Amino acid sequence: MTETAVGSPASPSAVPLPAASAGPGPVTAPGKRSPGGRLRALDGLRLLAALMVALYHYGGRGGDITEAWGSSPAIQFPTLHSWFAYGCLGVQVFFVISGFVICMSGWGRPLRSFFASRVSRLMPAYWVAVLLVTAVFALPVVAYDAVSPSDALLNLTLLQQPLGADRVLGVCWTLWVEVRFYALFALCVVLPGASRRRVVLFCAVWTLAAAVADAADEPLLDLVLMPEYAPFFIGGIGIYLLHRDRRDVIAWGIVAVSWLTGQHYAVAELWHRPGPGHFSYRSATVIIAIVTLGFLAVLAVALGRLHRADWRWLTVAGALTYPFYLVHEHLGWVVVEVLHQRLGLPAHATLAGTLAGMLALAWVFNRFVERRATPLLRDALAKGR
């Protein structure tokens, strides 16, 4: 991830996918679950990470958002823009959560069921978001250019990035990262059958192979093994092993090594020397602190340290996270321009209004798209129809 990381082609966000409700199999020392089987504190953490990314997109960088505000976000938020710039690290937190959730949802499942679960959770809201953003950007009153019809259609496959097409959703690069993680986990763990031994071996081999890929500087190896993101997924998997058995010393080692390598990649990609050529300066110490807090937060959920955070509204927060993440960036530009430049709202009110509007739209997505399409698509795929 570079200075323009989230949503830029130059820097290929866990993505905040809907979390699975429970992982099958015996659990020695789990975090406390709600009656419905969800780790509600994890839902809240996912929404927090999504809001971090949104603040980064709205006030923590330059680019198209400058046109929406009418001036640089550094002018709109003289102090806060420096903190908003750290919001891109919400992506790394998402990847840790994703490692935890995918290991939980894939444990004890056959490959067909795992595939059906992931596709049905990922695609319905994504398809509607692509169509909606394409349609809005095609309106004459909108100042932003829509992608070509051919590229818009290709975006429906989630293969636009490897095929070099323009992206409708800036955040979709993180979905491409997630899909590659799903494929690795499915082939190496789900297909042969998940077990502690197999998961530990997968984590160890991927950690070493990712380091070799980084040293070899071979594009194909980088594409498959994703060395800059692997530690976060692997760390999440290790945390799930601790969720099953907190006495697992090897799992503690997996988490520790993943944190150490993860903070290295985060600092290497996001830190730079202070200078006038950058939107803002990110401290290496703060980057390490945020990565550490992300690991610790997921670990706290897994070990039951946040069991008191079992409020029903957190389930709603978790349900809104993925659609909010999909629509907030590009549609947020349009809302910011309308509220700030055309209606004259102050910057802070515009920011709050835009976040509220995108959350409301996410609720519509969840209510009328995900709740209806996800079970239909999942059942159809699981039955092979």
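We did not get these values from a lab; they are worked out from the coordinates using the rules stated. This is a predicted model, so every value here is computed, not measured. Please note: Cβ atoms are built from the backbone with ideal geometry, for glycine as well, and neighbour counts cover all protein chains shown.
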Using 0.36 nm per residue of separation minus the Cα-Cα distance, give me the extension gain between Ser72 and Asp217 in nm, one decimal.
48.6 nm
For Thr285 and Thr79, what does the FRET efficiency come to when R0 = 25 Å and r is the distance between their Cβ atoms, rounded to the nearest 0.05?
0.85
Would you mind pulling out the separation of the Cα centroids of the range 198-227 and the range 229-252, in Å?
17 Å
Formal net charge of residues neighbouring Pro162 (Cβ-Cβ distance under 13 Å; K, R +1; D, E -1)
+1
Pop out the ³J(HN,Hα) list for the range 268-278 in order, Karplus 6.51 cos²θ - 1.76 cosθ + 1.60 with θ = phi - 60°, rounded to Hz; leave Gly and Pro as x.
4, 8, 10, 8, 7, 5, x, x, x, x, 10
Using alpha-carbon positions, the gyration tensor of the range 258-348 gives root eigenvalues a ≥ b ≥ c; with a/c under 1.5 called rounded, otherwise prolate if a/b exceeds b/c, else oblate, the class is oblate
Can you compute 3J(HN,Hα) from phi for each residue in the range 294-309, using the Karplus curve 6.51 cos²θ - 1.76 cosθ + 1.60 with θ = phi - 60°, rounded to whole Hz and x for Gly and Pro?
x, 4, 5, 5, 5, 4, 4, 5, 4, 8, x, 6, 10, 5, 5, 7
Can you pull the Kirkwood radius for the chain, inverse mean 1/r over Cα pairs, to one decimal in Å?
21.1 Å
What are the ³J(HN,Hα) couplings of the range 126-138, residue after residue, when phi is run through the Karplus curve with 6.51, -1.76, 1.60 and θ = phi - 60°? Round to Hz, x for glycine and proline.
5, 4, 5, 5, 4, 5, 5, 5, 4, 5, 5, 6, 7
Taking +1 at the Cβ of each Lys and Arg and -1 at the Cβ of each Asp and Glu, which of Ser72, Leu359, Phe115 sits farthest along the dipole of the chain towards its positive end, judged by Cα position relative to the Cα centre?
Phe115
Where in the range 157-207 are there trypsin sites (Lys or Arg not before Pro) that are in a DSSP coil and have at most 10 other Cβ atoms within 10 angstrom of their Cβ?
none
Would you mind computing, in nm to one decimal, how far apart the modelled labels at Arg308 and Ala135 are, each placed 7 Å from Cα along Cα→Cβ?
4.6 nm
